[in-house]
Each structure stands twice: as structure tokens, then as C-alpha cells.
Amino acid sequence: FHLGVTPSVIRKRYNMTGGDVGLLPNNSQACAQFLEQYFHQADVAEFMQLFGSSFAHRSQVDRVIGRQGKGKAGLEASLDVEYIMSTGANISTWVFSNAGRHESQEPFLAWLLLLSNMSSLPWVHSVSYGDDEDSLSLAYMERVNVEFMKAAARGLTILFASGDDGAGCRRMPGGNHTFRPSFPASSPYVTTVGGTSFKNPFLVTAEVTDYISGGGFSNVFPMPDYQAAAVKRFLRSASKLPPSSYYNSSGRAYPDLSALSDNYWVVTNRIPLPWVSGTSASTPVVGGMVALINDRRLQRGLAPLGFLNPALYQLQEQGHDAALYDVTQGCHLSCLDGTVQGQGFCAGPAWDPVTGWGTPNFPRLLRALLPP
Amino acid sequence: GLALQPEPEPPCRVPPGWTPAGRVDPGHEVQLTFALRQRGAGRLSQLVRAVSDPRSPRYGKYLSLEQVRDLVQPSPATLTAVLKWLQGYGVEKCSSVTTLDFLECLVPASTAEQLLPGAEFHRYVKGQRSVVRSPLRYAVPEELAEHVDFVGGLHRFPAERKVVSRAWAKKEMESKQHNGARAV
């Protein structure tokens with residue numbers, strides 16, 4: 001029984017034991033959000049005091065890149081830090097902070113320039129940020145996509161929240177509706193994280209979709225090879241699909257996987273707050289787990305995971321089905337019109353555009369990504 | 001020569017909640033980020049595939065930042081053309097990055113508006129926050145269009161992602177609906 005998601009609920013649901021904590025001093029993870037928010041070290045310490053007793057953990061962020069002022073802490077910044085340090089427990093954590101930026105600076109762009117200017121960076125970056133694809137220029141998205149390729153070539157794992165508007169909705173000039181994909185979630189060179197809820201919100205049980213979980217198909221980037229078979233299988237076997245006019249079925253499909261995104265406890269400005277939800281919660285949860293798997297790989301002298309998607313989409317064919325809990329129940333939001341009636345895609349077996357491959361079953365995912 | 005628009009779409013839109021607070025003074029410094037045209041994107045894409053696919057012999061053999069720079073850094077022609085263009089307007093306060101494919105410059109607004117025909121720098125405020133952006137589209141001289149992917153600091157406003165906070169009671173209602181297998 002529980003009254004909302006805390007680190008121990010997360011670690012229980014994803015089968016993480018007390019021994020699943022970081023051991024290597026030179027492993028690290030990072031989180032970034034571009035809302036110009038602050039986080040407070042004191043909040044992290046209080047959060048771990050309240051919720052961290054069942055696992056070895058750090059109570060302080062190791063490094064802040066950018067400015068951390070004295071303003072009030074923001075909910076997203078607190079959420080990001082507290083949960084990446086809960087699944088990526090006892091791992092050195094950096095925070096990219098862009099509070100107090102120059103008036104004409106673009107915080108997300110500033111973060112990309114940092115990636116291109118720092119030769120020593122954490123291997124895992126959890127990023128809660130997204131814009132509608134149709135609000136950005138093609139030149140900008142294509143160039144940002146190359147920046148993610150540069151990061152992937154260096155072995156960095158970049159995770160983006162899939163967004164909290166379900167499939168999204170856009171009214172076209174002629175009055176018709178289409179779904180509204182989000183960027184950078186739709187970049188083929190990042191790993192995009194969706195959201196789930198507990199089927200019974202008071203018990204650690206099976207997960208169903210969180211109806212806000214962002215997902216769908218890009219109108220800008222074509223479907224990458226690594227996901228073609230999985231997505232085609234979904235489109236062929238789904239019992240119910242929205243009208244094809246609502247989405248571009250040849251586009252990069254997302255999310256790639258998911259985690260719980262509903263009813264989190266967060267400590268911000270020294271106050272424990274319940275009921276915080278969003279894929280900006282599920283993303284750091286997955287980020288911390290990827291960092292922990294890197295920890296085990298680095299201990300064995302193996303390379304960090306890097307760009308995760310090719311390995312993720314091969315798990316099933318390699319017989320590692322159990323590495324992720326397949327979420328097959330529930331749908332997500334979309335256009336409120338007579339045709340789709342507020343419903344976008346629905347979850348299905350294996351990969352789907354609401355929860356991707358599903359949620360991580362840590363010990364099995366670790367086994368799948370750590371060769372014997 | 002004619003000026004070309006690196007970012008002709010989408011329409012310039014001021015997101016809801018941001019209030020125009022007038023044009024900035026000509027001497028007000030704006031920070032512009034020039035995304036210089038890279039080389040080697042095709043080769044980079046092949047490399048990413050090779051180092052990220054567990055079935056590949058190169059799996060996990062990642063590049064250093066310096067090796068990525070050697071792959072993508074702009075051509076001498078691009079660097080020369082952009083620097084000459086900026087120096088022609090007296091723009092000196094710039095910094096680059098290790099991969100040489102971004103240039104960040106502090107420029108007086110009046111100079112920036114000459115550099116990027118069509119741009120106009122206005123201040124917008126929202127609560128405690130203020131930004132300087134151009135509500136009008138910018139262009140670059142035709143001879144520069146092949147050297148610049150886009151210029152940052154003109155159109156995109158800061159992100160507005162907000163976590164969703166749900167009342168517990170509403171959760172109860174949703175879980176009943178879930179049990180009825182109906183989407184909310």
C-alpha cells in the first residue's frame with residue numbers, strides 16, 4: 001500500500017535492491033531543464049532524509065554547471081534532481097542550470113553549446129524539455145539533431161521527456177485536426193521516455209498508460225531503421241488506430257520506453273509535495289537506471305551504453321522480453337473532436353506509441369545490457 | 001546580394017503570457033548564437049550507427065570531443081566568410097566552442113539589426129522573467145546563407161514545460177475509469 005510515488009515505491013516496482021547503487025567514483029549522471037529554475041541542495045538533503053533510508057545514496061548534487069541563484073526552488077528542477085539520484089543512487093550527479101541567463105540567450109541552445117565545449121561530461125543526461133515540432137524551423141531542428149549525433153558518437157546517453165500532452169492536437173488551416181509531435185522527443189538520436197500510472201493508485205501493481213504520456217510520429221524526421229520492424233508490427237496488429245490522416249506513419253515514432261509519471265512526492269523549498277506528475281518525472285527515473293547500468297559496465301571494463309535505442313530495440317529479438325514490463329492497457333489524450341473523441345493511440349503488446357517498449361525491470365534490463 | 005531567410009517557417013509567434021515591453025535601445029547588447037554549417041554529417045551518422053549497435057564490431061568505441069571536432073568542424077571558407085562578415089560590422093566580442101561550429105557574440109541591438117536584415121529587437125516580460133527577441137523574421141546576406149544554419153537568440157522563447165499536479169480525488173475517478181478500460 002502507498003500514498004504516492006516515492007523512491008522506495010519506484011525501486012520496489014522496478015525490482016531494485018539495496019545493492020543496486022553506484023559503486024564507481026568516476027561514473028556520473030546529469031539532469032537539465034530549461035525553465036530557468038533553481039534547485040536547493042537543502043531540499044535534496046531533506047528528500048533523502050525522508051525517503052532515502054532504504055538505499056545508499058548521496059544527499060548533495062556534486063556539480064552545478066551554470067548559475068544557481070538564491071531564488072525559490074522550482075518544482076521541475078527539484079523533481080529532476082531528486083529522482084535521478086534515487087534510481088541512480090550514490091552516483092555523482094551534475095545539474096545544468098540556466099537560471100539568470102542573458103536576456104537574449106536561449107537556455108536549450110546554451111546547453112547544446114556546453115556539450116560541444118566540455119570534453120569531460122557525465123555519460124547520462126536526463127532532459128525535461130520539449131516544443132511542438134510545428135513551432136520550430138526545419139533548419140533549427142535538423143541542426144539540433146546533428147548535435148545529438150555528436151553526443152551519441154561520444155557515447156553520451158541523452159534522454160528526453162516525451163511530453164505531457166498525449167498525442168497533442170493541432171488545428172490545420174483547413175479546420176481539420178492532426179496530432180502534434182514534440183521535439184526533441186522526435187529526434188531519432190535521443191531516447192524518449194513516456195509515462196505510466198499504477199493500475200491501482202494505492203498499490204505497487206501492474207502499470208497502465210498515463211493518459212498524458214507524449215507519443216506519436218514525427219512530421220520532420222523519417223523512421224530510423226532500428227525501430228522500423230517494431231513500429232510496423234504495431235501498426236499492423238493494433239486493434240484500434242486513429243484515422244491515418246491524424247499522423248505521419250512513416251515518421252520517427254516515439255516514445256522508446258516509459259516509467260511511472262504519476263503522483264510523485266517531491267521536496268521543494270523544504271516542503272514535501274505530493275501529486276506531482278509528468279514525463280519530467282519518468283525521465284530522470286530511467287536516467288538514473290541507465291547510469292547504474294553504466295556503473296556495472298565500467299566496473300567490467302566495458303564501454304558505457306551511449307545512444308541506447310539500437311540496443312533497446314534489439315532486446316526482444318535477443319530474447320530479453322522480460323527486460324521491460326510491457327504496458328498493454330490504456331490510451332493517451334489527443335484532439336477533442338467528433339472523430340477521435342480525445343483519444344490518441346492506445347498501448348499494445350511490445351512497442352507502442354504511448355509507452356514504447358514499456359517500463360524497466362531493472363535486474364533483467366541489467367542482465368540484458370551487461371554481457372556475461 | 002539578396003538576403004535569404006535560414007528559418008522561413010514557422011510564423012513568428014509570441015507565446016501566450018509574454019507581454020511586449022517595447023523596443024530595446026540601439027546600444028543594448030544582445031547575445032546572438034551563430035550555428036555555423038558543419039561538415040561530415042553523413043560520416044557522423046555512419047559512425048553513430050557503428051558505435052551504438054551492439055552487433056557492430058565498433059560497438060562502444062566512442063569518439064573524444066576533439067575527434068568529433070575533426071569530423072564536423074566548419075570548412076575554412078565558412079569560418080573566413082562568417083568572421084569577415086562580423087568584422088565588417090565591428091563585431092568583436094565573440095566566443096567559439098571546441099568543435100568550432102557555434103559562435104556566440106555580444107552585439108549592440110542596432111548592429112544586430114543591420115547584420116540580420118528584418119530583425120527588430122523587443123523586450124518581452126512574463127512575471128519576473130524578461131527576454132529580448134525579434135517578432136520579425138531575420139535574413140542573412142545571400143553569400144552567407146551557405147555558411148550559417150540558423151542564428152539563435154531571435155525567435156525561440158524559453159520553454160514552458162510544467163509538471164502536471166493532480167488532485168488525489170481526481171486520481172480516484174481516473175482509476176475507476178481505467179478499470180472500466182476507458183481512456184480518460
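Could we say that A:Val276 is crowded, with 24+ Cβ neighbours inside 10 Å and in a strand (DSSP E or B) here?
Considered against the rule, which asks whether it is crowded, with 24+ Cβ neighbours inside 10 Å and in a strand (DSSP E or B), A:Val276 comes out as yes.
Does any residue in region A:11-28 that is among the charged types (D, E, K, R) come within less than 6 Å, Cβ to Cβ, of a residue that is part of a loop (DSSP other than H, G, I, E, B) and surrounded by 12 or more Cβ atoms within 10 Å (Cβ to Cβ) six or more places away or on a different chain, and which pairs are these?
Filtered contacts from region A:11-28: A:Lys12/A:Val204; A:Arg13/A:Val204.
Out of A:Ala238, A:Ala228, A:Ala259, which single residue is crowded, with 24+ Cβ neighbours inside 10 Å, more than 11 Å from chain B (Cβ to nearest Cβ) and hydrophobic (A, V, I, L, M, F, W, C)?
Unique residue meeting the criteria: A:Ala259.
Of the conditions (1) facing chain B (nearest Cβ under 8 Å); (2) on the phi > 0 side of the Ramachandran plot, A:Asn90 satisfies every one except a single condition; which number is it?
(1)
Among the residues in region B:49-62, are any under 20 Å from A:Tyr140 (Cα atoms) and either more than 10 Å from chain A (Cβ to nearest Cβ) or outside any helix (DSSP H, G or I) (or both)?
Within region B:49-62, none of the residues are under 20 Å from A:Tyr140 (Cα atoms) and either more than 10 Å from chain A (Cβ to nearest Cβ) or outside any helix (DSSP H, G or I) (or both).
Looking at (1) over 25 Å from A:Leu305 (Cβ atoms); (2) crowded, with 22+ Cβ neighbours inside 10 Å; (3) within 11 Å of chain B (Cβ to nearest Cβ); (4) of a type outside the set (Gly, Ala, Ser), which is the one condition that is false for A:Glu142?
That leaves (2) as the condition not met.
Within region B:1-24, restricting attention to residues that are charged (D, E, K, R) and touching a strand residue (DSSP E or B) at 6+ places or on another chain (Cβ under 9 Å), which residue is farthest from the other protein chains (Cβ to nearest Cβ)?
Taking the candidates together, the pick is B:Arg23.
Going by the structure shown, is B:Leu32 within 12 Å of another protein chain (Cβ to nearest Cβ), closer than 30 Å to A:Ala368 by Cβ, modelled with pLDDT of 95 or more and buried (at least 18 other Cβ atoms within 10 Å of the Cβ)?
No.
When you scan region A:177-251 for strands (runs of 3 or more DSSP E) that lie fully inside it, which ones turn up with 3 or more residues that are among the acidic types (Asp, Glu), modelled with pLDDT under 95 and at negative phi?
Counting at least 3 such residues, we get no strands (runs of 3 or more DSSP E) at all.
Could you tell me which residue of region A:1-59 is farthest from the chain's Cα centre (by Cα), considering only residues that are more than 18 Å from A:Trp275 (Cα to Cα) and part of a strand (DSSP E or B)?
A:Tyr38
Is there a residue in region A:3-22 that is at pLDDT 95 or above and acidic (Asp, Glu)?
Yes - at least one qualifying residue is present in region A:3-22.
Answer yes or no: is there a residue in region B:36-46 that is at the interface with another protein chain (Cβ under 7 Å from one of its Cβ atoms), among the charged types (D, E, K, R) and surrounded by 14 or more Cβ atoms within 10 Å (Cβ to Cβ).
No, that holds for no residue.
Given the residues A:Glu76, A:Glu82, which is the only one that is facing another protein chain (nearest Cβ under 9 Å), buried (at least 24 other Cβ atoms within 10 Å of the Cβ), within 21 Å of the chain's Cα centre (by Cα) and part of a helix (DSSP H, G or I)?
A:Glu76
Only one of these is out of contact with any strand residue (DSSP E or B) (no Cβ under 7 Å at 6 or more places or on another chain) and hydroxyl-bearing (Ser, Thr, Tyr): A:Ser86, A:Ser104, A:Ser78. Name it.
A:Ser86
Looking at region A:288-311 only, could you name the residues that are more than 10 Å from chain B (Cβ to nearest Cβ), under 18 Å from A:Pro363 (Cβ atoms) and either surrounded by 22 or more Cβ atoms within 10 Å (Cβ to Cβ) or not basic (Lys, Arg) (or both)?
Matches in region A:288-311: A:Gly288, A:Met289, A:Val290, A:Ala291, A:Leu292, A:Ile293, A:Asn294, A:Asp295, A:Gln299.
Restricting attention to region A:335-369, report how many residues are of a type in the set (Ser, Thr, Tyr) and over 20 Å from the mean Cα position of the chain (by Cα).
The total comes to 1.
The values are calculated or read from the model by the stated rules, or taken from the named source; none is laboratory data. Please read these numbers as outputs of a predicted model, since none were measured by experiment. Methodologically, a virtual Cβ is constructed for each residue, glycine included, from the backbone with ideal geometry; neighbour enumeration extends over all protein chains shown.
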